[in-house]
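Chemist: Just dropping this structure here.
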Amino acid sequence: MNEALPIGNGRMAGLILGGTLNEQIIFDEGSLWTGDKNVSGDYRTMGSYQKFGEVNINLPGHDLAVDYRRDLDLSSATAHVSYRLGTTTYTREYFASHPAQVLVAHLTASRPAAYTGSIELQDSHNEKTSISGHRVTFSGALSNGISYEAQMQVIVDGGQVSTTGDTLTFSHCNSITLILGTGTSYVMDYARNYHGDLPHARVTQQVDRASAESYSQLKHDHVADYRSLFDRVHLDLGATSADRLALPTDARKILAENGGDPQLEQLLYQYGRYLMIACTRPGGLPSNLQGTWNDSNNPPWDSDYHTDLNIEMDYWPVEVANLSECALPLFDLVDSQIPSWRTATQADPEYKLASGERPTVGFDMRASFNITGGMGWLWIKTTDAWIMQSYWEHYAFTGDKEFLRTRAYPLLKETCEFWDQELKPTSDGKLVVPNGWSPEHGPTEDGTSFNQELVWDLFTNYIAASNALDVDPAYRARIASLRDKLLTPKIGHWGQLQEWVEDKDDPNDHHRHTSNLIGVYPGHEFTSQGTPAMMQAAKVSMLHRGSIGDVAEWSFAWRGALFARMHDGDNAHLQVTHFFAERNSCVNLFGLLGDVSPPVMQIDGNFGITAAISEMLVQSHNDDIELLPALPTAWPTGSVEGLRARGGFIIDESWKNGALTSVTIRSTTGTRCAVRYKNRSATFTLTPGQIVRLTGSLGPTGVLSSL
Ligand code: FUC
């Protein structure tokens, strides 16, 4: 899987291995999970994400292929394999269609009757495959009662097809098209115990419909759908030298660790957006530790939803990189799990109130969760507040009041009410989260910076939400007064932003998590403008944490975003290039956790890098927008179009010789807009749909037009 080409339609995923004699397509679907509602914390009972199956295409004699090439075209979300045998060129094209809800493979050749071989469809849980006509099928059920089914239609042009057992044999065909559909009985619904209808009728209909379409129509619809999302952002970070460009991606990746390949950095940015469109679309499940790609029934960390960094990082770029609707699966899954989390939290001694009573509202989360209400590992306090940040950000960027009113606000309020009950007063009248833990670094009795900053963020977002909806003024005032009493992280004896209430940070500690800096990014408690002393302390902490030692692929992404918020473009850029190192990313540019043995693929770093690069180019704190806040010297000239800013704006920028040359700001829902570039600033009042164009010195070019 570390070399395969990944495709996906937000629900189904494919890994194209690209063999010549044997082509293998591993396929998955986000809802194929073992496990149940167990919340005991024993991760072994939580179940794990499962591999669905494989398609194997056997092409005798094709091991003699020459001029072999494979690629993944991010502009059309299609993967390709091509090679030559004698004078015949063989070409395969693969995509995962969101509109048709199927995976498609299309095998063509430069001469007629060139394809002779066989195809098998394999269940990764060993159920028998059956063949009826040109339809290959398997179905089964996991021990938790989740039923699954896969169907593959084999469409040939010319030649003959025959069946022997579970193998479909083809000879002298001009071309072959495979239409693969999958489904499970899982539903994201606590009230139904997560079990819905059997998938048979749905999968049959999807495969029937797609098989009745021409290949070119299927591809056309897929590309149009994909581009409606992908084409919203264009990025140009400058040109790579021709000799580097001539190399394949795996060779460029090795060199790019030392910089000098802006087009590969640009590709890494867009790859994060590609992977997001491929693994999290409305109606499906959110991205797990491996996105939706999985080649094992026993994947690392169960390929679950980790709450102390990973699931949150997966969604860091979603709003700024203009893929807002891709966040909806996160909200759908969290909403469907909350009834289980609420019961578990309120019953657990960990959350007993000082009075000895149980909390009566709210929920918190253990370090990981599954898709059926189960949780594993330790409680990680305030991860409820962290998840709520995504709900708030969805509104902050889109201005979607209906979402805020019906989905975000009730949960933000409930989470405030939970911490309102749980916070403990210290002897000097401050409020702290008791018995906290700074992921994954260590505990303290009263007040980790991680916990305090997340509660500050929650309270601040709640205040803004209740203001935006003009509701609950009395509770808003109470939360504002609680926020004023929260213990604020301190600056320690070597100038660092302390991780714990005790001044005990080790300046030589290179731990992979940067939990104490969550108020810098992804939070907003500390900013260069608003709290320069805290920002300076955060930078001291960062510089000591370094880029060595116990550092995972996602650490670089987080460090990149942190340095960007500190306006340190060169250090942020260094983190981006570290991602290319052999221990941090796979040949196919999937993130790789090189700090575990053996190293394992993990997707969060991919999304985190896209978020970090976005933060280098545009930052927004409510309606205050910073243009090119952390431009590194490695990208002297370039442009970006289509990044989103909080407050409801879309930003385009161009720069030359390290300086901003032009800016376009479009209001989607925003009105008051304050922009800053270095020591210049400008403020506008726009109406939704209006565009303002500015020069690099932020002077208007005189154009205020409508979208
Ligand atoms: C957290 C991280 C690890 C890994 C795991 C899945 O525990 O600290 O590095 O990413 O999640």
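Chemist: Could you list, in sequence order, all residues of segment 392-438 that are on the phi > 0 side of the Ramachandran plot and either outside the structural domain of residue 348 (by TED's automatic domain parsing) or surrounded by fewer than 19 Cβ atoms within 10 Å (Cβ to Cβ) (or both)?
Modeler: Selection gives 429, 435.
Chemist: Right, another one. Check residue 342 against each of (1) more than 16 Å from the ligand (Cβ to nearest atom); (2) under 10 Å from the mean Cα position of the chain (by Cα) and name the one condition it does not meet.
Modeler: Exception for residue 342: condition (2).
Chemist: Something else about it: Consider residue 373 against the criteria (1) in contact with a Lys or Arg (Cβ under 7 Å, 6 or more places away or on another chain); (2) assigned to a helix (DSSP H, G or I): it satisfies all of them except one. Which criterion is unmet?
Modeler: Going through (1) in contact with a Lys or Arg (Cβ under 7 Å, 6 or more places away or on another chain); (2) assigned to a helix (DSSP H, G or I) one by one, residue 373 breaks only (2).
Chemist: Additional query: Name the single residue that is nearest to the ligand (Cβ to nearest atom) among those in segment 276-303 being outside any strand (DSSP E or B) and touching a Phe, Trp or Tyr at 6+ places or on another chain (Cβ under 7 Å).
Modeler: 289
Chemist: Regarding segment 385-396, can at least one residue be identified that is within 16 Å of the ligand (Cβ to nearest atom) and modelled with pLDDT of 95 or more?
Modeler: Looking for residues that are within 16 Å of the ligand (Cβ to nearest atom) and modelled with pLDDT of 95 or more, one finds at least one in segment 385-396, hence yes.
Chemist: Within segment 431-441, which residues are in a strand (DSSP E or B) and within 13 Å of the ligand (Cβ to nearest atom)?
Modeler: 437, 438
Chemist: Quick check on segment 484-528: of everything there that is closer than 23 Å to residue 385 by Cβ and basic (Lys, Arg), which residue is nearest to the ligand (Cβ to nearest atom)?
Modeler: Filtering segment 484-528 for residues that are closer than 23 Å to residue 385 by Cβ and basic (Lys, Arg), the one nearest to the ligand (Cβ to nearest atom) comes out as 512.
Chemist: Moving on. Give the residue, chosen from 454, 482, that is over 31 Å from the mean Cα position of the chain (by Cα) and either assigned to a strand (DSSP E or B) or hydrophobic (A, V, I, L, M, F, W, C) (or both).
Modeler: Being over 31 Å from the mean Cα position of the chain (by Cα) and either assigned to a strand (DSSP E or B) or hydrophobic (A, V, I, L, M, F, W, C) (or both) holds for just one of 454, 482, which is 482.
Chemist: Same structure again: Hey, could you check segment 93-111 for residues that are crowded, with 23+ Cβ neighbours inside 10 Å, part of a strand (DSSP E or B) and not aromatic (Phe, Trp, Tyr) and say which is farthest from the chain's Cα centre (by Cα)?
Modeler: 107
Chemist: State which residue pairs qualify: first residue on the phi > 0 side of the Ramachandran plot and inside segment 439-456, second residue more than 15 Å from the ligand (Cβ to nearest atom) in any location, beta carbons under 6 Å apart, and separation of 6 or more residues or different chains.
Modeler: From segment 439-456, the pairs are 447/432; 447/487; 447/501.
Chemist: Confirm whether residue 588 is within 15 Å of the ligand (Cβ to nearest atom) and either part of a helix (DSSP H, G or I) or under 21 Å from residue 300 (Cα atoms) (or both).
Modeler: Taking the combined requirement at face value, the residue does not satisfy it.
Chemist: Take the conditions touching a Phe, Trp or Tyr at 6+ places or on another chain (Cβ under 9 Å), in contact (Cβ under 8 Å) with a residue 12 or more places away in the chain, more than 16 Å from the ligand (Cβ to nearest atom) and of a type in the set (D, E, K, R) and apply them to residue 319. Does it pass?
Modeler: When the stated conditions are applied, residue 319 passes them.
Chemist: Among what's in segment 592-626 and is within 11 Å of the ligand (Cβ to nearest atom) and part of a loop (DSSP other than H, G, I, E, B), pick the residue that is nearest to the chain's Cα centre (by Cα).
Modeler: Out of the qualifying residues, it is 603.
Chemist: Of the conditions (1) closer than 18 Å to residue 182 by Cβ; (2) surrounded by 23 or more Cβ atoms within 10 Å (Cβ to Cβ), residue 56 clears all except one; give me its number.
Modeler: Among (1) closer than 18 Å to residue 182 by Cβ; (2) surrounded by 23 or more Cβ atoms within 10 Å (Cβ to Cβ), the lone unmet condition for residue 56 is (2).
Chemist: Of 474, 464, which residue is farther than 26 Å from residue 350 by Cα, modelled with pLDDT of 95 or more and more than 28 Å from the chain's Cα centre (by Cα)?
Modeler: Step by step, each of 474, 464 is checked, and only 474 is farther than 26 Å from residue 350 by Cα, modelled with pLDDT of 95 or more and more than 28 Å from the chain's Cα centre (by Cα).
Chemist: Still on this structure: Being farther than 19 Å from residue 210 by Cβ, out of contact with any strand residue (DSSP E or B) (no Cβ under 6 Å at 6 or more places or on another chain) and β-branched (Val, Ile, Thr) is true for just one of 129, 89. Which residue is that? Steps first, answer last, please.
Modeler: On the way: 129 fails: out of contact with any strand residue (DSSP E or B) (no Cβ under 6 Å at 6 or more places or on another chain).
Of 129, 89, the one residue that is farther than 19 Å from residue 210 by Cβ, out of contact with any strand residue (DSSP E or B) (no Cβ under 6 Å at 6 or more places or on another chain) and β-branched (Val, Ile, Thr) is 89.
Chemist: Related question: Looking at segment 361-377, which of its residues are surrounded by fewer than 24 Cβ atoms within 10 Å (Cβ to Cβ) and either within 16 Å of the ligand (Cβ to nearest atom) or not assigned by TED's automatic domain parsing to the domain that holds residue 389 (or both)?
Modeler: Across segment 361-377, the qualifying residue is only 377.
Chemist: Does any residue in segment 222-250 that is surrounded by fewer than 15 Cβ atoms within 10 Å (Cβ to Cβ) and assigned to a loop (DSSP other than H, G, I, E, B) come within less than 9 Å, Cβ to Cβ, of a residue that is at pLDDT 95 or above and polar (S, T, N, Q) six or more places away or on a different chain, and which pairs are these?
Modeler: Close Cβ pairs satisfying both conditions: 231/75; 239/263; 239/637.
Chemist: Select from segment 529-567 the residues that are charged (D, E, K, R) and more than 16 Å from the ligand (Cβ to nearest atom) and write down the one among them that is farthest from the chain's Cα centre (by Cα).
Modeler: Residue satisfying both the conditions and the ranking: 539.
Chemist: For the subset of segment 644-670 comprising residues that are assigned to a loop (DSSP other than H, G, I, E, B) and touching a residue at least 24 places away in the same chain (Cβ under 8 Å), which member is farthest from the chain's Cα centre (by Cα)?
Modeler: Among those that are assigned to a loop (DSSP other than H, G, I, E, B) and touching a residue at least 24 places away in the same chain (Cβ under 8 Å), it is 658.
Chemist: Taking segment 377-401, which residues are outside any loop (DSSP other than H, G, I, E, B) and over 21 Å from the mean Cα position of the chain (by Cα)?
Modeler: Of segment 377-401, the ones outside any loop (DSSP other than H, G, I, E, B) are 377-380, 383-398, 401.
Across segment 377-401, the qualifying residues are 377, 378, 379, 401.
Chemist: Taking the residues in segment 309-334 that are among the charged types (D, E, K, R) and surrounded by fewer than 23 Cβ atoms within 10 Å (Cβ to Cβ) as candidates, determine which candidate is farthest from the chain's Cα centre (by Cα).
Modeler: So, considering only residues that are among the charged types (D, E, K, R) and surrounded by fewer than 23 Cβ atoms within 10 Å (Cβ to Cβ), the one farthest from the chain's Cα centre (by Cα) is 332.
Chemist: Is it true that some residue in segment 535-550 is hydrophobic (A, V, I, L, M, F, W, C) and under 23 Å from residue 255 (Cβ atoms)? Spell out the reasoning first.
Modeler: Quick first cut of segment 535-550, residues hydrophobic (A, V, I, L, M, F, W, C) only: 535, 537-538, 540, 542-543, 548.
Keeping just the survivors that are under 23 Å from residue 255 (Cβ atoms) gives 548.
The answer is yes; a qualifying residue exists.
Chemist: For segment 332-349, state whether one or more residues are touching a Ser or Thr at 6+ places or on another chain (Cβ under 9 Å), within 19 Å of residue 45 (Cβ to Cβ), polar (S, T, N, Q) and modelled with pLDDT of 95 or more.
Modeler: yes
Chemist: Filter segment 650-681 for residues that are among the hydrophobic types (A, V, I, L, M, F, W, C) and touching a Leu at 6+ places or on another chain (Cβ under 8 Å); which is modelled with the lowest pLDDT?
Modeler: Step by step, filter segment 650-681, then rank; the result is 673.
The values are calculated or read from the model by the stated rules, or taken from the named source; none is laboratory data. In this text the structure is predicted, and so the values were computed from the model without any measurement. Don't worry about glycine lacking a Cβ; one is built from the backbone with ideal geometry, like all the others, and counts go over all protein chains shown.
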